[in-house]
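To start, the structure under review is shown below, and the notes come after it.
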Amino acid sequence: MSQLSLAVDIAGLRLRNPTMNAAGVLGISGPLLKRVYEGGAGAVVTKSLGPVPREGHHNPTLVTVEGGVLNAMGLPNPGADYFVDVIRWLKGEGVPVVASFFGATIEEFRDVACTLSDAGVDALELNCSCPNVVEEMGMLGADCLNTEAVTAAVKEVAKTPVFVKLSPNVTDISEIARGAERGGADAITACNTLIGMAVDVDMRRPILANTTGGLSGPALKPVALRCVWEIAKTVDIPIIGCGGVTNWRDAVEFLLCGASAVEIGTAVMERGVEVFGMVVEGIRSYLEVNGFKEVKDIVGLAHET
Amino acid sequence: MSGSRMKPDTLRVRQLVDVTEEAGDMVSLYFRDVQCSQALPGQYVMIWVPGVDEVPMSLSTIGRRKVSSVTVRPVGEATRYICDLKAGNMVGVRGPFGNGYTLECDLPLVVAGGVGAASLTPLAESLVTRGVRPTFVLGARNEEQLVFRERLKNLLDEGLVLATDDGSCGFKGFASDCALKLMDERQFDVVYTCGPELMMALIFRSAEDRGIQVQASLERYIKCAVGLCGSCAIGPYRVCKDGPVLTTDQLKVVRDEFGLQRMDPSGQAIKVDH
């Protein structure tokens with residue numbers, strides 16, 4: 001019997017298994033990201049990094065809701081230049097690093113990508129889909145032509161694969177994915193959080209300081225699965241599924257819909273950083289029990305007629 | 001709404017049943033909450049005041065007659081606003097969060113600096129309930145700032161050691177100096193401490209030299225409080241979830257940060273200055 005492999009190849013990026021942390025989860029600290037890797041992730045994703053340090057929104061920045069979490073952190077980050085040393089330290093520790101990044105303009109996206117690419121990251125994840133900074137950042141990812149343009153600009157300077165993380169808060173996500181692919185994206189991450197809000201009946205006020213926030217966790221999963229499904233039918237580049245993955249079963253669902261890997265975020269709240277190893281072991285058992293040799297054998301299987 | 005089955009991370013709004021002035025301009029806010037009445041000493045809650053902020057606060061009373069409290073020192077805009085709240089006003093509560101202190105010990109020394117007494121007073125009460133009588137150093141800048149003095153005196157009597165920086169009451173000098181003197185004079189197996197980080201770092205190093213275990217309650221910039229965002233990281237630990245209480249073994253891991261540097265709200269390292 002041949003050895004079962006959990007390794008995956010995403011646009012040339014070889015990972016020991018198909019799990020990563022979702023951007024924004026623990027990614028502001030090098031030692032915490034190392035802990036994510038030690039918890040079993042195939043690679044780690046940094047907090048979204050911008051051109052200059054940002055403090056983000058005031059608290060409350062997070063509130064739990066039915067089936068998940070709403071957050072409006074507001075992209076706090078120390079800036080891409082500051083994070084170069086953190087990336088180098090992680091690389092020195094043997095941790096594969098995906099740098100999530102953003103900008104307010106196409107030029108800023110390109111400059112930040114250049115800084116992070118030069119720092120030696122293994123891949124870039126272009127975040128044009130944060131729902132919590134719409135006014136400042138314009139949410140380029142809501143528009144097909146903008147997505148294509150920003151992706152193309154980043155691809156000019158990137159020495160590594162570029163993943164483009166898309167928003168579910170659009171009419172047709174597959175159209176945006178097509179724009180990213182035309183711009184030269186190496187993979188699509190689908191999806192970011194869904195815009196929502198929470199109100200308290202005693203205070204009679206919105207709970208989040210930012211009023212609206214991004215919904216993540218199990219409540220997001222059906223939406224994210226649908227996004228992956230539609231994108232898989234539209235583009236030829238790999239997809240990284242993200243949205244409500246809590247256990248191996250969720251992860252396998254994303255793989256079957258067409259994702260080559262998954263990102264896990266909110267589940268860290270209940271299951272800790274060990275969630276990565278648990279999901280990976282579950283995927284291994286699933287492959288084994290069902291007679292598959294490697295992860296890619298089940299990618300997109302649900303599409304077969 | 002008030003059911004005990006509700007998860008602690010669910011936000012609920014509680015009416016303040018009492019607001020009392022403490023020493024040194026500090027204020028205790030009392031509210032009824034099932035989850036908080038079952039908290040461990042050293043756990044904290046996030047207190048939300050709409051339009052102002054949501055801030056982490058150690059529980060200074062845990063469930064006495066079903067009422068719990070937080071004790072606030074007016075240091076910034078949000079805490080000053082919170083200190084002006086009155087009985088009848090409402091606050092949002094999330095938590096209790098974090099690990100709390102571990103109660104196993106035989107000869108504990110407790111060292112509180114300033115508002116650090118908030119989390120250590122319920123600890124002392126729990127220890128006494130378990131039949132252990134701690135030596136408790138209550139330190140402050142001057143006599144007027146000695147918070148929970150009567151409550152601790154009634155609980156511990158001779159076990160309470162007062163220390164003031166200016167010598168206006170008890171030991172003259174920092175609480176850490178007083179603690180070091182006690183560690184040289186008497187036998188302890190655990191030191192519990194909460195207060196200014198420079199004080200705690202000094203106590204940690206001194207206790208480490210003497211082979212005494214430490215449990216220190218740390219303060220960092222807490223946003224999510226549920227271990228997701230990482231804004232409160234110290235080394236590989238999340239103060240909001242793995243802490244706020246770190247043990248000697250953990251403090252050794254973060255030796256290069258503890259008492260030296262912390263992250264600002266953007267994630268850049270800044271110097272610990274108090």
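Answer with yes or no whether B:Arg255 is more than 23 Å from B:Gly76 (Cβ to Cβ), free of Cβ contacts under 8 Å to residues at least 40 places away in the same chain and within 14 Å of chain A (Cβ to nearest Cβ).
When the stated conditions are applied, B:Arg255 passes them.
Which one of A:Val84, A:Val98 is among the aliphatic types (A, V, I, L, M) and in contact (Cβ under 8 Å) with a residue 40 or more places away in the chain?
Unique residue meeting the criteria: A:Val98.
Pairs please, first residue from segment A:191-217 and in contact (Cβ under 8 Å) with a residue 60 or more places away in the chain, second anywhere and assigned to a strand (DSSP E or B) and of a type in the set (Asp, Glu), Cβ atoms under 6 Å, 6+ apart in sequence or on different chains.
Close Cβ pairs satisfying both conditions: A:Ile207/A:Asp200.
Which numbered condition trips up B:Leu182, out of (1) within 14 Å of chain A (Cβ to nearest Cβ); (2) surrounded by fewer than 22 Cβ atoms within 10 Å (Cβ to Cβ); (3) over 17 Å from B:Ser119 (Cα atoms); (4) of a type outside the set (S, T, N, Q)?
With (1) within 14 Å of chain A (Cβ to nearest Cβ); (2) surrounded by fewer than 22 Cβ atoms within 10 Å (Cβ to Cβ); (3) over 17 Å from B:Ser119 (Cα atoms); (4) of a type outside the set (S, T, N, Q) applied to B:Leu182, the lone miss is (1).
Would you point out the residue of segment B:262-274, among those that are within 12 Å of chain A (Cβ to nearest Cβ) and not hydroxyl-bearing (Ser, Thr, Tyr), that is farthest from A:Gly24 (Cα to Cα)?
Only one residue fits best here, namely B:Ile270.
Please determine, by comparing only the residues of segment B:227-249 that are over 18 Å from the mean Cα position of the chain (by Cα) and surrounded by fewer than 24 Cβ atoms within 10 Å (Cβ to Cβ), which one is farthest from the other protein chains (Cβ to nearest Cβ).
Result: B:Asp249.
Filter segment B:109-127 down to the residues that are crowded, with 24+ Cβ neighbours inside 10 Å and touching a helix residue (DSSP H, G or I) at 6+ places or on another chain (Cβ under 7 Å) and list them by number.
Result: B:Leu109, B:Val110, B:Val111, B:Ala112, B:Gly113, B:Thr121, B:Ala124.
Have a look at B:Gly139, B:Gly98, B:Gly88, B:Gly113 and point out the one that is touching a residue at least 60 places away in the same chain (Cβ under 8 Å), in contact with a Cys (Cβ under 9 Å, 6 or more places away or on another chain) and within 14 Å of chain A (Cβ to nearest Cβ).
Result: B:Gly98 is the single residue among B:Gly139, B:Gly98, B:Gly88, B:Gly113 that is touching a residue at least 60 places away in the same chain (Cβ under 8 Å), in contact with a Cys (Cβ under 9 Å, 6 or more places away or on another chain) and within 14 Å of chain A (Cβ to nearest Cβ).
When residues of segment A:75-101 are filtered for being part of a loop (DSSP other than H, G, I, E, B), surrounded by fewer than 21 Cβ atoms within 10 Å (Cβ to Cβ) and within 11 Å of another protein chain (Cβ to nearest Cβ), how many remain?
1
Considering only segment A:51-66, how many residues are crowded, with 22+ Cβ neighbours inside 10 Å and more than 10 Å from every other protein chain (Cβ to nearest Cβ)?
0
Filter segment A:206-231 for residues that are farther than 22 Å from A:Gly24 by Cα and touching a Ser or Thr at 6+ places or on another chain (Cβ under 9 Å) and give the result.
Listed by number, the residues that qualify are A:Pro206, A:Glu230, A:Ile231.
Readers should treat all values here as calculations from the given coordinates under stated rules, not as data from a laboratory. On a predicted model such as this, the values are computed, not experimentally measured, just so you know. When we count neighbours, we look across all protein chains shown, and the Cβ atoms used for this are built from the backbone with ideal geometry, even at glycine.
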